[in-house]
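One structure is given here, and the rest of the page talks about it.
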Amino acid sequence: MHSLTNTFASNSLSEMTMGRRDQVVSFNHLKNLRRLLFEKHTGTMEFLTHHGNVYLHMSDGYFFSEAGSEAIVDSIRAILNTPVYNFSRKEMMLRGGSIPHVGAEPAVLDACYFHDITSIQIQNFVDYFSRFPLVSIKLAPMHRYDSQFPGFAEYINLYEQSVLEEGVSLKRYLKGSASPQDTYSMIRLLIVLYLFGLMEPVRTRSDNGISLFSRLMDKIRTI
Amino acid sequence: MMNKQIVKFVITGPVNAGKTTLIQHISDTAVISTDESATDAVAEVKKNTTVAMDHGILYVDSTLELHLYGTPGQRRFDFMWEILAVGASGIIFLVDGSDPTSIEEMKYIYKHFSEQLSVPALVGVTKQDVEGSLTPLEVSKSFGEDGVPVIGCDPRNKKDSKLLMLSLLSLIMQDEEEMAESEFF
């Protein structure tokens, strides 16, 4: 039983003709997915890919699917692995407990780390993340995911760089890749940090808007 | 005349984890220590140990100071933990990753502080260069499902001392932002 309360669609016509390497690929759908994950929203996202429509139903930090948890991970893989031409987000009531469900964060980690992402899509992600402004990385107890998150050590490295240097240039980070496999690991990590809300733009500060904690950080960086 | 603002951090953890060294690296002033000769089991790992507190100050400018208070590591001085925790904005827990006793003691200290204070906290796991030392990941599992952020560090290294301080400050700022958001949304 779904009661539709709101529907909106995004993406311009130009964003709907994506997928070749000579065109800029939009990942606006990830921005919206991120927001839903972050807000532990209830609703459904529908993604139009050239393999067909993909649906993610979520509520309070969980993905739901009648087809089971494997199908949920397959859906996330699908939207990571193929350009999305259009997407919409619908707020609706879900039937809850009786539907198979899986925690949103473990499902994203599974899709990122235990399934392949195509090389063309990896390159699209490189282009996408390279356009990001300077970002700060948040420290979170990611150990709770244990072996589901093989990128933990690299996450801590990136975090340390972020806090010691007041932000990380993702373009420079990705340029430091030593091999395609290295780039692949970096992209997996960046997707996870982005979707989990552990990456955000470094805030620009006006002189009268600097908190005492920011001033302390500035001082400590100089010692 | 502008009021001086003082931010207070507590550095705690079992004996011989590096608390005094961390404060020495960050403080602009000579650290005031209350060291006494170790007489019990502590004497096996170090000659002197903190019995009341370590205190250091980092001066940002004439209007802002960071005061660092290091606690004694032994339970018999736990009355000092409560005294030193008053008014703290954040806590750093240091634990010797190479010593299982230190890790068990850490859990006790962590529980003690978390029952009294609700401020951002961070765990630093030291002695990562010692063979067989537990990694931050392994230590963090002992803090349960939700846990607390844990990073590896060597307080003898200034860069790592800075990293611990900056990490705690980042967590405090995150906490403040989340509180501000929850107030309005």
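The values are calculated or read from the model by the stated rules, or taken from the named source; none is laboratory data. These numbers were taken from a predicted model, which means no experiment stands behind them. Here Cβ is always computed from backbone atoms with ideal geometry, including for glycine, and neighbour counts include all displayed protein chains. In case anyone asks, the SASA skips ligands and DNA or RNA and just uses the protein heavy atoms, side chains included. Shrake-Rupley method; radii C 1.70, N 1.55, O 1.52, S 1.80 Å.
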Please determine, by comparing only the residues of the stretch A:172-223 that are within 13 Å of another protein chain (Cβ to nearest Cβ) and in a loop (DSSP other than H, G, I, E, B), which one is modelled with the highest pLDDT. A:Leu198
In the stretch A:9-31, is there at least one residue being within 23 Å of A:Pro201 (Cβ to Cβ), open to solvent by 50 Å² or more (accessible area, probe 1.4 Å) and at pLDDT 80 or above? yes
Failed item in (1) farther than 22 Å from B:Ala30 by Cα; (2) away from chain A (no Cβ under 14 Å); (3) open to solvent by 30 Å² or more (accessible area, probe 1.4 Å), with B:Ile103 passing the rest: (3)
Qualifying residue in the stretch B:148-168 (condition: in a loop (DSSP other than H, G, I, E, B) and at pLDDT below 85): yes
The strands (runs of 3 or more DSSP E) lying wholly within the stretch A:65-154 that contain at least 2 residues that are modelled with pLDDT under 90 and hydroxyl-bearing (Ser, Thr, Tyr) are A:84-91
Whichever residue in the stretch B:7-27 is part of a helix (DSSP H, G or I) and away from chain A (no Cβ under 14 Å) and, among such residues, is most open to solvent (accessible area, probe 1.4 Å): B:Thr21
Considering residues that are touching an Asp or Glu at 6+ places or on another chain (Cβ under 7 Å), within 11 Å of chain B (Cβ to nearest Cβ) and farther than 22 Å from A:Gly103 by Cβ, the number found within the stretch A:123-156 is 1
Within the stretch B:114-169, of all residues that are among the hydroxyl-bearing types (Ser, Thr, Tyr) and in contact with a Lys or Arg (Cβ under 7 Å, 6 or more places away or on another chain), the one nearest to the other protein chains (Cβ to nearest Cβ) is B:Ser142
So which residues in the stretch A:32-53 are assigned to a strand (DSSP E or B) and within 18 Å of A:Gly103 (Cα to Cα)? A:Gly43, A:Thr44, A:Met45
